[in-house]
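Peer 1: Have a look at this one.
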Amino acid sequence: MMSSASEDFRDLARSVSNTNFARMLVVQVFLNAIKDTKLLDNLAEPKRISVVGGSPDEPEIQALRSLGLQLDIRVFGVDSTSEYLDLNSYNTKVSDFLPKADLVLCSQVLEHVWKHENAFYWLQTLTDSGGYLWIGAPAANRPHGAPHYYSSGFSGEFIANHLTESGMDVLSYGVTGSKRLYAASLTTNLWLTANGHRFPLFDAYSRGAGWLTGVRSVFRRLPSAIRLSMWSPKIRNDIRYATEAWALARKPDLH
């Protein structure tokens, strides 16, 4: 089933991801995707959340807290602040001891993984029976996070097909973006803010780095900002100018 972003949750998504408009779009879709799931039942009962490749302060986590959810969070990644989990590996002995979660969050990680079959194996393994798995990934992007960067993007169908192959029930999936965001992501060094997506010249000034650095950034970024102003900011949900892909799946309840 295909789905798209709506006006719902726009203010909440913006409040937790104002500095990155692309991520704001994804958070808005995420909130709309889960609003009718069991995750929002009984807000007083703590929900077990596993964050893969991120932090306890992911925008999705902040949004869930704003909705009143009580969260028990575990983080799996590759740095010293998280429990180590190599998504490229395959080890069934280790998987037997992994904690199960009511919701697994994996955002902006797949482009940094090269063995995707194994990554989806780990993600579904972390998900408890009847639990949910959310994946957000770029649909089109420029290289970042080097040296571990392997793909410029994925389609919603790519994610959904892998989820199905791993034994998950796909509830919804899709892509989103705009021509302006697409041009910024692929042809500039700008990560547009919410205000910058509306008025690209707003992001030409480097804030928080001193007035002289800010003035210099204007001259450096001005040509790109002017060019981006010519591109449409209209949000689209087709693959041609998509910059973000996502999917929500549920693990069959075996209890």
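The values are calculated or read from the model by the stated rules, or taken from the named source; none is laboratory data. Small disclaimer: the values here were computed from a predicted structure and weren't measured. A quick note on method: Cβ atoms are made from the backbone with ideal geometry, for glycine too, and the neighbour counts reach across all protein chains shown.
Peer 1: All but one of (1) in contact with a strand residue (DSSP E or B) (Cβ under 7 Å, 6 or more places away or on another chain); (2) assigned to a loop (DSSP other than H, G, I, E, B); (3) not acidic (Asp, Glu) hold for Phe30, so report the exception by its number.
Peer 2: Only one criterion is unmet by Phe30, namely (2).
Peer 1: Does Leu105 satisfy the condition of being outside the structural domain of Lys47 (by TED's automatic domain parsing), of a type in the set (A, V, I, L, M), within 18 Å of the chain's Cα centre (by Cα) and closer than 26 Å to Asn18 by Cα? If you could, list the steps in order and put the result at the bottom.
Peer 2: On the way: outside the structural domain of Lys47 (by TED's automatic domain parsing): no; of a type in the set (A, V, I, L, M): yes; within 18 Å of the chain's Cα centre (by Cα): yes; closer than 26 Å to Asn18 by Cα: yes.
When the stated conditions are applied, Leu105 does not pass them.
Peer 1: Here is a further query. Is there a residue being small (Gly, Ala, Ser) and surrounded by 13 or more Cβ atoms within 10 Å (Cβ to Cβ) anywhere in the range 34-49? Full working, then the answer.
Peer 2: Let us first name the residues in the range 34-49 that are small (Gly, Ala, Ser), namely 44.
Restricting the remaining residues to those that are surrounded by 13 or more Cβ atoms within 10 Å (Cβ to Cβ) gives none.
Within the range 34-49 (the criterion being small (Gly, Ala, Ser) and surrounded by 13 or more Cβ atoms within 10 Å (Cβ to Cβ)), the answer is no, since none of the residues qualifies.
Peer 1: Pull up the range 197-255, narrow it to residues that are of a type in the set (Ser, Thr, Tyr), outside any helix (DSSP H, G or I) and modelled with pLDDT of 95 or more, then point me to the one that is farthest from Lys35 (Cα to Cα).
Peer 2: So the first thing to find is which residues in the range 197-255 are of a type in the set (Ser, Thr, Tyr), and the list is 205-206, 213, 217, 224, 229, 232, 241, 243.
Subset that is outside any helix (DSSP H, G or I): 205-206, 229, 232, 243.
Now drop any that are not modelled with pLDDT of 95 or more, which leaves 232, 243.
Values: Ser232: 30, Thr243: 23 Å.
Checking each candidate, the answer is Ser232.
Peer 1: Contact list please: Cβ distance under 9 Å, first residue in the range 57-75 and within 19 Å of Arg14 (Cβ to Cβ), second residue among the aromatic types (Phe, Trp, Tyr) and part of a helix (DSSP H, G or I), pairs at least six apart or on different chains.
Peer 2: Pro59/Phe30; Glu60/Phe30; Ala63/Phe30
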